[in-house]
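Inspection log for the structure reproduced underneath, given as structure tokens.
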Amino acid sequence: MSLQLHDLVVARGGRPVVRGVSLDIPAGEVTALLGPNGAGKSTLVLAVGGVLRPLSGTVRLDDAVLSSRRPERIRRAGVAIVPEGRRLLPALTVDDNLQVATYAMSRAEGREGRDRALALFPELGRRLNAQARMLSGGEQQMVVLAQAIVSQPRFVLIDELSLGLAPVVVQRLVPVIRRIVESGVGVLLIEQFAAVALALASRVHVIDRGALRFSGRPNELREHPELLQSAYLQAG
């Protein structure tokens, strides 16, 4: 099973930003998407999540075409996105932010998803009554990841896992990604640190100016450092 993107063209501000991108995100694996700022990574994530409507191309999960659906229906189908910027409801508590993620679920499903998220992030269990605005950047990133996990998705698209976070926080998040994948969930990971992404990923793609420039295994990309340099990536 995989989440399949075929020949996606997506525009922002009236101009195409993603140009004919095709890639598969297999279940139970991390697929890394690397590239410079403005390459189209975030636009691609928002298009898969239904926030942006592709000009052409398809997003398919099993036999279902998702690219014409609204975000809530895409999430219900099993695809959760974690957008860049840690978008929480700052005046609400951690618990309230987690509850928001259960809006389309039954009470039993919501409770099960919440319990799973808190098992991955026990730190949040001690901060449930804290307002989101009072959390550290690392804690906020845990909450947005937990929101995605609450919906018990089959695929999670994470835009900039480590942006603005201290290395010690990133080290805390990496095992969580591994545990999510071990449960059979497919992950698309956008990550500024190539070393982190390549250590987690089974497959890697490099995108630049809206088009894929490389697709292959992490060890193959390591053999071509010029591709990483051309993508303006931080090596670790």
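Among the residues of the stretch 210-229 satisfying the criterion of being part of a loop (DSSP other than H, G, I, E, B) and out of contact with any Pro (no Cβ under 9 Å at 6 or more places or on another chain), which is nearest to residue 57 (Cα to Cα)? Top of the filtered list is 217.
Residue pairs whose Cβ atoms lie under 8 Å apart, sitting 6 or more positions apart in sequence or on different chains, and linking a residue in the stretch 187-212 that is within 13 Å of residue 37 (Cα to Cα) to a partner that is surrounded by fewer than 22 Cβ atoms within 10 Å (Cβ to Cβ) and of a type in the set (Lys, Arg), are 206/213; 207/213; 209/19; 210/19.
Residues checked against (1) at pLDDT 90 or above; (2) within 26 Å of residue 10 (Cβ to Cβ):
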{"residue": "182", "(1), (2)": "yes, no"}
{"residue": "189", "(1), (2)": "yes, yes"}
{"residue": "192", "(1), (2)": "no, yes"}
{"residue": "202", "(1), (2)": "yes, yes"}
{"residue": "206", "(1), (2)": "yes, yes"}
{"residue": "212", "(1), (2)": "yes, yes"}
{"residue": "221", "(1), (2)": "no, yes"}
{"residue": "224", "(1), (2)": "no, no"}
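The single condition from (1) in contact with a helix residue (DSSP H, G or I) (Cβ under 9 Å, 6 or more places away or on another chain); (2) in contact (Cβ under 8 Å) with a residue 60 or more places away in the chain; (3) assigned by TED's automatic domain parsing to the domain that holds residue 205; (4) surrounded by fewer than 22 Cβ atoms within 10 Å (Cβ to Cβ) that residue 35 fails is (4). In the stretch 159-174, the residues that are touching a residue at least 12 places away in the same chain (Cβ under 8 Å) reach residues that are among the aromatic types (Phe, Trp, Tyr) and surrounded by 13 or more Cβ atoms within 10 Å (Cβ to Cβ) with C-beta atoms within less than 8 angstrom, at least six apart or across chains, in these pairs: 162/193; 170/193.
Each row is one residue, and each column tells you yes or no for (1) loosely packed, with under 14 Cβ neighbours inside 10 Å; (2) in contact with a Lys or Arg (Cβ under 6 Å, 6 or more places away or on another chain).
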{"site": "132", "(1), (2)": "no, no"}
{"site": "135", "(1), (2)": "no, no"}
{"site": "150", "(1), (2)": "no, yes"}
{"site": "155", "(1), (2)": "no, no"}
{"site": "173", "(1), (2)": "no, no"}
{"site": "180", "(1), (2)": "no, no"}
{"site": "186", "(1), (2)": "no, no"}
{"site": "192", "(1), (2)": "no, no"}
{"site": "226", "(1), (2)": "yes, no"}
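Against the numbered list (1) surrounded by fewer than 20 Cβ atoms within 10 Å (Cβ to Cβ); (2) in contact with a helix residue (DSSP H, G or I) (Cβ under 7 Å, 6 or more places away or on another chain); (3) assigned by TED's automatic domain parsing to the domain that holds residue 99, residue 214 comes up short only at (3). Where strands (runs of 3 or more DSSP E) fall wholly inside the stretch 11-130, the ranges with 2 or more residues that are modelled with pLDDT under 95 and touching a Gly at 6+ places or on another chain (Cβ under 6 Å) are 15-26.
If I go through the stretch 184-200 residue by residue, how many of them are among the small types (Gly, Ala, Ser) and either under 19 Å from residue 169 (Cα atoms) or assigned to a helix (DSSP H, G or I) (or both)?
Going through the stretch 184-200 one residue at a time, the tally reaches 4.
The values are calculated or read from the model by the stated rules, or taken from the named source; none is laboratory data. None of the values given here were measured: they were computed from a predicted structure. Glycine gets a Cβ as well: all are built from the backbone with ideal geometry, and neighbour counts include every protein chain shown.
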